[in-house]
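Since the structure comes first, as structure tokens, the remarks are kept for the end.
FYI, it's all coordinate maths here, none of it is from the lab. Small disclaimer: the values here were computed from a predicted structure and weren't measured. Note that each Cβ is placed from the backbone with ideal geometry, even for glycine, and that neighbours are counted across all protein chains shown.
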């Protein structure tokens, strides 16, 4: 049976309409062929799922969240809305309670996939009570893909970078010489009351951006690493 799915509006530049109706298998193929994914299957974003994700924020769906380019001053900036961030959050498999963090990350305009030939991986260090509230892993495997929150928040950042920022297109906006497997989800971890302060300092030694979510007790730091 066919179902009705929402596609991020940025993809309309390539495809035409804002929504598509087809079988799940065909829609997965469409997302892959048009390079709207990270080459892994996604949660197909139905209108109902996207609208449900939008309930996690007080921002308007049509509000411009930010703009992004693979490299500042080289590529044209693409802008994206809160709704488009919700579409990519659904695609990544993120839970409702992760969405305020994903919005905070998207608001910086920092790309999740660098164009550099150095094979950069980006990193998120999150602190505040939200870490425990959403189940961020900060113990064994804290920098890996061993918790849903860590994995899907990092993946949502990358999908937003691909669909909202024109990043990660091999040969044009991605030039990593040998690539980096961590580009799939980046590093998303937590600073649990200074428990991992040494790790955080290592992560952020190159550059650091600190942003706040909709609550002042929740901050996210972004860094770029060459691995």
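Beta bridges per DSSP, both residues in the stretch 57-191: antiparallel share near 45 percent.
Segment residue 62..residue 117, full-extension length gain: 16.3 nm, with 0.36 nm per residue of separation and the alpha-carbon distance subtracted. Please say if the stretch 40-192 is rounded, prolate or oblate, where rounded means a/c under 1.5 for a ≥ b ≥ c the square roots of the C-alpha gyration tensor eigenvalues, and otherwise the choice is prolate for a/b larger than b/c and oblate otherwise? Oblate, because a/c is 1.5 or more while a/b does not exceed b/c.
Which FRET efficiency value, to the nearest 0.05, is calculated for residue 175 and residue 79 with the Förster distance at 22 angstrom and r the Cβ-Cβ distance? The computed FRET efficiency comes out at 0.40.
For the stretch 72-105 versus the stretch 160-182, the spacing of their alpha-carbon centroids is 16 Å.
For the stretch 63-132, the relative contact order is 32 percent, taking Cα pairs closer than 8 Å that sit 6 or more residues apart in sequence and dividing their mean separation by the residue count.
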